[in-house]
Amino acid sequence: MANSRSFTAFFTVIFLSLLFSFATAKSSTFYRSLSRKSFGLKKEKLSHLHFFFHDIVSGPNPTAVRVAEAPSTNSSSTLFGFIAMIDDPLTVGPEPGSKLVGKAQGVYGSAAQQETGLLMAMNFVFTEGKYNGSTLSLLGRNAVFSAVREMPIVGGSGAFRFARGYAQAKTHTFDLKTGDAVVEYNVYVFHY
C-alpha cells in the first residue's frame, strides 16, 4: 500500500511538472527574438533631411484648421486648449511655390498655460525621391517662440522603418496678421 501511494505521488509530481513546463513554455510564445537579417535589415545609417513646413491658417484653403477648443481658450494668452488638424506642405525652399517633397499630417495643440508650447503629433509623409511613400513620426513639445526647437522622431515606415532621431525646427517667417508660418526643419534620423 505504501509503495502504491509513493508510486501515485511520484507520477502525480511528474505529471504536474510536465503540465507546468508545458504551460510555462506556451505562455511565453507571444514573443521571440529575431535577427536583423530575418527582416532584411542592413547596416544602420544616419540621414539628414532638410525642408520647409508651411502652416497656413488663413485664406480660403487653410492647411491647418482648429478642430477643438476649451471654453477658456480664447481668453488664454497661450490659447491653451485649442487643437488643430494639419495637412501642411513640406517643400525644398521657403517659398510657397517651391518643390513639394511631402506633407506634415497630424495634430497640434496648445498644451501650456504659462508660455506658448504646442504638443505636436504628426507624420512627415514624403512624396519625392528615394523616400517617396515613407513616413517619419514626430511626437513632442514645440516651444514656438524659441529660436530653435528640438522634438523627437519616434518611428517611421517604409525606408524609415525602425527610425529614431530628432527634428530641429526654426521659424523662417511668421505673419502676425494672418497667423501663417513657414518653419525650417532639419531632421536627423537613424534608420536601416
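A compact table of results
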{"item": "Helix-only mean residue ellipticity at 222 nm for the chain, each DSSP H run of n ≥ 4 adding -39500 (n - 2.57), per residue, nearest 500", "result": "-5000 deg cm²/dmol"}
{"item": "Net lengthening on full extension, residue 141/residue 42 (0.36 nm per residue, minus Cα-Cα)", "result": "32.4 nm"}
{"item": "Residue range of the chain that is longest and free of trypsin sites (Lys or Arg not before Pro) which are both DSSP loop and sparsely packed (at most 11 other C-beta within 10 Å)", "result": "100-176"}
{"item": "Accessible surface of the chain [probe 1.4 Å, protein heavy atoms]: carbon and sulfur percent", "result": "61"}
{"item": "Neighbour count of at most 15 Cβ within 10 Å plus DSSP loop: longest GluC sites (Glu not before Pro)-free window in the chain", "result": "45-114"}
{"item": "Note, ³J(HN,Hα) from phi for the range 52-59, Karplus 6.51, -1.76, 1.60, rounded to Hz, x at Gly and Pro", "result": "10, 9, 10, 9, 10, 9, 10, x"}
{"item": "Loop-located chymotrypsin sites (Phe, Trp or Tyr not before Pro) in the range 30-137 whose Cβ has at most 10 other Cβ within 10 Å (DSSP)", "result": "30, 31"}
{"item": "Between 0 and 90°, nearest 10: helix 2-27 axis offset from the chain longest Cα axis", "result": "20"}
{"item": "Descending Cα extents along the principal axes, the range 91-192, whole Å", "result": "40, 30, 20"}
{"item": "Under 21 Å from residue 103, Cα to Cα: lysines that are on another chain or at least 8 residues apart", "result": "130, 170"}
{"item": "Debye, to nearest 20: dipole size of the range 117-192, +1 on Lys, Arg Cβ, -1 on Asp, Glu Cβ", "result": "220"}
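The values are calculated or read from the model by the stated rules, or taken from the named source; none is laboratory data. Remember, predicted model here, so these are calculated numbers, not experimental data. In this analysis, Cβ positions are derived from the backbone assuming ideal geometry, glycine residues included, and neighbour counts consider all displayed protein chains. Surface areas here come from the heavy atoms of the whole protein model, side chains and all, with no ligands, DNA or RNA. Shrake-Rupley method; radii C 1.70, N 1.55, O 1.52, S 1.80 Å.
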